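Values in this text are rule-based calculations from the coordinates and carry no lab data. Quick caveat: nothing in here was measured; it's all calculated off a predicted structure. Glycine also receives a Cβ, built like all others from the backbone with ideal geometry; neighbour counts cover every protein chain displayed.
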Amino acid sequence: MNHDAYDDTYIRSILNSVKTIAMVGASPVNVRPSYFAFKYLAERGYDMIPVNPGHVGKSLVGKPFVASLKDIGRPIDMIDIFRNSSHIMPVVDEALTLSPLPKVIWMQLGARDDAAAAKAEAAGLKVVMNRCPKIEYGRLSSEISWMGVNSRTLSSKRAPMPTHGQRLSLNRMSVGGGSTLAADRAAKDKLDPA
Amino acid sequence: MTDNSPGFATLAIHAGAQPDPTTGARTTPIYQTTSFVFNDADHAASLFGLQAFGNIYTRIGNPTNAVLEERVAALEGGTAALAVASGHAAQVVVLQQLLKPGDEFVAARKLYGGSINQFTHAFKSFGWNVAWADPDEPETFERAVTPRTKAIFIESIANPSGSITDIEAVAAVARKAGVPLIVDNTLASPYLIRPIEHGADIVVHSLTKFLAGHGNSLGGIIVDAGTFDWSKDGKYPMLSEPRPEYHGIKLQETFGNFAFAIACRVLGLRDLGPALSPFNAFMILTGIETLPLRMQKHCENSKAIAEWLSTHPAVAAVNYAGLANNKYNQLARKYAPKGAGAVFTFSLKGGYDAGVNLVSKLKLFSHLANVGDTRSLVIHPASTTHSQLDDAAKTKAGAGPDIVRLSIGIEDKEDLIADLDQAMS
Ligand SMILES: Cc1ncc(COP(=O)(O)O)c(C=O)c1O
């Protein structure tokens with residue numbers, strides 16, 4: 001897997017297939033990016049579980065916090081890691097002890113750990129790094145274009161009607177659109193200053 | 001067409017637009033409305049808190065304008081864009097995100113006269129201080145940088161002189177200074193030059209010109225390249241620090257590589273208010289569909305007319321970068337290989353009076369203060385757009401007393417040459 005540039009089909013197949021998402025590092029503070037993403041994904045019908053040992057006893061949009069992945073007690077499809085790059089490996093190690101194994105490890109915008117990714121991929125998991133699932137969902141469904149964002153997709157098909165709390169709009173038929181090569185290069189340079 | 005990189009003409013027609021989900025309308029509808037209903041109180045709260053994507057009020061965003069924004073972002077290779085009421089509004093909104101009172105920015109001396117006025121007078125009253133540099137000598141930008149410098153501003157093809165700026169050389173200065181490079185790409189349009197590929201961090205346009213192309217609508221746009229790290233040294237608190245306007249969210253942390261476009265929208269457009277009318281957005285979008293075809297014809301006509309003028313006995317000099325002997329021809333070949341644009345100047349041996357006389361005798365060229373129309377346009381900058389500058393500054397801006405500026409349209413070039421010929425004889 002080329003972790004510098006993901007195919008839309010790869011991202012779409014992940015967002016279309018996962019149902020249960022554990023968000024590690026979720027924050028109950030409503031101005032944190034993890035809060036925005038958690039709420040957005042919950043509204044799109046994903047079964048969201050907030051994981052943060054510092055907030056056990058509280059809940060995030062009605063979902064109670066758990067201290068660790070082990071405490072979830074039911075199968076999870078995807079782990080969305082809202083921690084910076086240096087804290088990724090322990091989370092992946094813990095994820096790989098779960099049974100059944102999760103299907104996807106997703107590292108948030110700004111986070112990347114190639115060694116952790118390789119370990120997860122060797123165990124058969126799919127990995128996405130340095131992306132936000134909310135932004136990717138918004139981009140592929142074209143919801144995000146409401147904010148003038150380059151979705152990098154084109155389509156001559158009528159979009160499915162946006163349906164509150166359902167994932168229909170993610171199946172918009174599209175081809176690749178305007179690229180953002182300069183931004184991709186800048187992101188790579190920032191993560192790998194050499 | 002490959003799946004990941006459709007060509008420019010395909011993007012000019014399709015980017016941002018898809019059939020309307022409700023009606024199936026194929027062209028982009030004009031959402032001529034001030035406001036949009038919320039699903040419920042919770043939806044309203046998440047929209048206002050920037051937690052959900054969606055429409056609230058046309059001063060913040062509008063679905064017709066959003067198509068225009070995505071279209072231009074795609075054409076420029078940026079991550080996102082924000083459309084505003086005019087090119088000048090785009091410049092104010094951009095600098096408001098970057099400068100605090102007492103801060104500075106370095107700008108090329110060769111700029112549209114209105115921009116020189118805006119920077120010198122209006123921005124001074126905000127406490128934003130401009131330092132001028134010579135775009136023909138990129139090292140003058142480096143010399144003008146101080147610890148208070150927050151941005152560098154240039155035009156890709158300068159108005160009125162038609163000179164080409166060495167964008168990569170100025171981008172290197174900006175990178176070294178740790179400040180973003182803003183490029184006004186109005187005169188080139190992304191068809192001729194894509195500044196982001198040469199190191200620009202922000203691109204602005206007056207959409208009023210070639211992008212719209214028809215001279216019937218004002219508009220401006222800001223494109224975020226997604227390349228600048230706003231949080232590395234605390235110099236750009238609008239993007240890196242908790243915003244009190246939004247309960248303490250940090251925009252770069254939340255929106256990643258399109259945070260600058262979001263800042264312009266939610267801190268600039270929302271509070272300063274220069275919103276683009278959805279009707280104008282529709283007119284401009286319609287224009288953009290034919291941008292590649294028009295630019296080809298604009299450049300073909302311009303080259304023919306510049307060559308013809310060079311041989312005319314009343315003409316002292318023709319400043320068109322597309323001519324092989326022009327000072328900027330080397331830069332034109334590098335940055336604008338498809339053509340050196342359609343705005344350029346020439347000087348008349350008869351000086352100021354000959355300029356005024358020419359303008360009054362033309363029958364097909366329109367005498368007015370715009371560029372980038374389908375129609376050919378002419379102006380005598382010294383007595384109009386640049387009249388507020390003193391003689392030395394006029395000459396430095398490429399608008400000396402003997403200079404006439406043309407904006408070549410897409411009529412038949414033979415008719416344009418005949419009109420110039422009769423007016424100069
Ligand atoms: C290069 C350039 N930038 C900016 C502007 C300002 O644009 P507007 O008139 O849309 O405010 C103009 C207008 O002539 C221009 O030529």
Query raised in the report: Would you list B:THR290, B:THR165 from fewest to most Cβ contacts within 10 Å?
Result: B:THR290, B:THR165
Query raised in the report: Which of these, B:ALA45, B:ALA275, B:ALA354, has the largest mean-square fluctuation under a Gaussian network model of chain B (Cα springs below 10 Å)?
Result: B:ALA45
Query raised in the report: Can you give the relative contact order of chain B as a percent, counting alpha carbon pairs under 8 Å and 6+ residues apart?
Result: 17 percent
**Report entry** Local electrostatic count at B:ALA418 - Lys and Arg +1, Asp and Glu -1, tallied over other residues with Cβ under 13 Å
**Finding:** -3
Report summary line: Diffusion coefficient in µm²/s returned for the protein assembly as shown by Stokes-Einstein, Kirkwood Rh over C-alpha pairs, 4 °C and 1.567 mPa s, is 51 µm²/s
Query raised in the report: ³J(HN,Hα) across the stretch A:36-48 via Karplus (A = 6.51, B = -1.76, C = 1.60, θ = phi - 60°), whole Hz, x for Gly/Pro?
Result: 4, 5, 4, 5, 4, 5, 4, 5, 8, x, 6, 8, 9
Query - Ellipsoid equivalent to the stretch B:346-425 - semi-axes via the Cα gyration tensor, in Å - result: 22, 14, 9
Query raised in the report: Sequence-distant or interchain residues sharing an amide H contact under 5 Å with B:THR149, placed H: which?
Result: B:GLU104
**Report entry** Using θ = phi - 60° and Karplus 6.51 cos²θ - 1.76 cosθ + 1.60, couplings along the stretch B:343-358 (whole Hz; Gly, Pro as x)
**Finding:** 10, 7, 10, 9, 10, 9, 4, x, x, 3, 5, 5, x, 4, 5, 4
Requested in this report: Determine, for B:HIS14, B:HIS205, the number of other Cβ atoms within 10 Å of each Cβ, and report the residues in order from fewest to most.
Outcome: B:HIS14, B:HIS205
Report summary line: the stretch B:292-424: relative contact order from alpha carbon pairs under 8 Å, six or more residues apart, as a whole percent, is 28 percent
Report summary line: Taking Cα atoms only, helix B:63-76 is inclined relative to the longest principal axis of chain B by an angle, in degrees rounded to 10, of 60 degrees
Report task. Could you tally the net charge around B:ALA81, taking each other residue with its Cβ under 13 Å from the Cβ of B:ALA81, Lys/Arg +1 and Asp/Glu -1? Result -> -2
Query raised in the report: Pick from B:LEU389, B:LEU98, B:LEU47: which residue has the top mean-square fluctuation in a GNM of chain B where Cα pairs under 10 Å get a spring?
Result: B:LEU47
Query raised in the report: For the stretch A:8-191, rounded, prolate or oblate, judged on the Cα gyration tensor with a ≥ b ≥ c (square roots of eigenvalues), a/c < 1.5 rounded, else prolate if a/b > b/c?
Result: prolate
Requested in this report: Could you calculate, for chain B, the ratio of the Cα radius of gyration to the Kirkwood radius, expressed as Rg to Rh?
Outcome: 0.98
Query raised in the report: In the neighborhood of A:LEU98, defined by Cβ-to-Cβ distances under 12 Å, what is the net charge if each Lys or Arg adds +1 and each Asp or Glu adds -1?
Result: -1
Query raised in the report: Among B:TYR31, B:TYR236, which comes first, then next, by fewest other beta-carbon atoms within 10 Å?
Result: B:TYR31, B:TYR236
Query raised in the report: How big is the gap, in Å, between the Cα center of the stretch B:237-314 and the Cα center of the stretch B:126-165?
Result: 19 Å
Requested in this report: In a Gaussian network model over chain B where Cα atoms closer than 10 Å are linked, find which of B:ARG243, B:ARG71, B:ARG405 has the largest mean-square fluctuation.
Outcome: B:ARG243
Query - the stretch B:190-247, Rg to Rh (Cα coordinates; Rh as Kirkwood inverse mean 1/r) - result: 1.13
